[in-house]
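To start, the structure itself, in structure tokens.
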Amino acid sequence: LFGTDGIRGVAGEFPLDRKTARAVGFALGQWIRASNLEPRVVIGMDTRESGLWLASEVAGGLTAQKIRPDFAGVTTTPGVAYLAKTGPYAAGVMISASHNPYQDNGIKLIGHNGYKLPDEQEELLETIILASVSEGGVSPSIPIDPGLDSSYVDHLAATLPTGLRGLSIVADCANGSASVLAPELFQRLGARVH
């Protein structure tokens, strides 16, 4: 299931169908509980149409293991990594296929250290995922917590303490993961954003 950067494929088809996405959350939750880690996971996604239902399915698997999913909504992979590392989270999940075509999507698992899980951990989770792929249930809709992105924007803004006053910036985020965050960040730093 896991390639060099998570699980990827055509959204709606194995391994990115609803049951497998739910099994990913279920397996991650089982590992978190067995490891006695904080029972919370942060989830983010890019702007692909399939992102919301994939995030909901992963959240459904997590809640079946009594793990609380917090949803950042549309954000960047580094944003999820930052939140996983600095927040009260055992892990982060990013729903994204990066530069792949629009019909694709992916599920990236990020440890509390802010990095992707080691290969050995992914292999262990893969065994659990494949064994639990038939687990059913209704996946919840997950509300976006705007405070999660605010925390990440605060972090980014702190890296430029002198700001960007006087600059005029054209931001073309190409409907990507930073399409909401980038203009907000640059405006906050004092730039004129177009």
Item to complete: May I ask for the Rg/Rh ratio of region 56-97, computed from Cα atoms with Rh as the Kirkwood radius, given to two decimals?
Response: 0.95
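Note down the net charge around Ala81, summing +1 for each Lys or Arg and -1 for each Asp or Glu among other residues with Cβ under 11 Å from its Cβ. Could you put the intermediate results ahead of the total?
Numbers: positive: Lys85, Lys108, Lys116; negative: none.
Taking every Cβ under 11 Å from that of Ala81, the sum is +3.
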Worksheet, complete the sentence: Applying the gyration tensor rule to the Cα atoms of region 141-193 (axes a ≥ b ≥ c; rounded if a/c under 1.5, else prolate if a/b exceeds b/c, else oblate), the class is oblate
Discussion item. Using protein chains only and a probe of 1.4 angstrom, how many square angstrom of Phe14 are accessible, to the nearest 10?
Written reply: 130 Å²
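Can you tell me the dipole magnitude for region 23-71 around its Cα centre, using point charges on the Cβ only (Lys, Arg +1; Asp, Glu -1), in Debye to the nearest 20? Before the final figure, lay out the partial values.
Details: 5 positive and 5 negative charges, 47 e Å.
That gives region 23-71 a dipole magnitude of about 220 debye.
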Practice prompt. Just report the Cα centroid separation between region 154-175 and region 1-41, whole Å.
Written response: 34 Å
Worksheet item: Per the helix-only calculation at 222 nm, which mean residue ellipticity applies to the chain, given -39500 (n - 2.57) for every DSSP H run of n ≥ 4 and division by its residues, nearest 500 deg cm²/dmol?
Response: -12500 deg cm²/dmol
Worksheet item: Residue-wise, which Karplus ³J(HN,Hα) couplings in Hz belong to region 58-69, taking 6.51 cos²θ - 1.76 cosθ + 1.60, θ = phi - 60°, and x for glycine or proline?
Response: 4, 4, x, x, 5, 5, 5, 9, 6, 9, 7, x
Discussion item. Just the number please: accessible area per residue for the chain, 1.4 Å probe, all protein chains included, in Å².
Written reply: 49 Å²
Worksheet item: Each residue of region 181-194 in turn: what ³J(HN,Hα) in whole Hz from Karplus with 6.51, -1.76, 1.60 and θ = phi - 60°, glycine and Pro shown as x?
Response: 5, 4, x, 4, 5, 5, 5, 4, 7, x, 7, 8, 10, 10
Worksheet entry | For region 51-194, with +1 on Lys and Arg beta carbons and -1 on Asp and Glu, the positive-most of Gln65, Tyr82, Ser132 along the dipole | Tyr82
Worksheet item: Would you list Glu184, Glu13, Glu126 from the most to the least accessible area, probe 1.4 Å?
Response: Glu13, Glu184, Glu126
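In the chain, carbon and sulfur make up what percent of the accessible area (probe 1.4 Å)? Before the final figure, lay out the partial values.
Working: 5170 of 9410 Å².
In the chain, the share of accessible area belonging to carbon and sulfur is 55 percent.
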Practice prompt. Quote the charge dipole size of region 78-194 about the Cα centre in Debye, to the nearest 20; the model charges only the Cβ of Lys and Arg (+1) and of Asp and Glu (-1).
Written response: 660 debye
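Sort 105-118, 48-61, 159-172 by the packing proxy (mean of other Cβ within 10 Å over each peptide's residues), most packed first. Before the final figure, lay out each step's value.
Details: 105-118: 19.4, 48-61: 22.7, 159-172: 10.6.
Result, highest mean Cβ count within 10 Å first: 48-61, 105-118, 159-172.
The values are calculated or read from the model by the stated rules, or taken from the named source; none is laboratory data. Every value quoted in this text rests on a predicted model; they were computed, and no experiment measured them. Don't worry about glycine lacking a Cβ; one is built from the backbone with ideal geometry, like all the others, and counts go over all protein chains shown. Heads up: the accessible areas ignore ligands, DNA and RNA and are worked out on the full protein's heavy atoms, side chains in. Shrake-Rupley method; radii C 1.70, N 1.55, O 1.52, S 1.80 Å.
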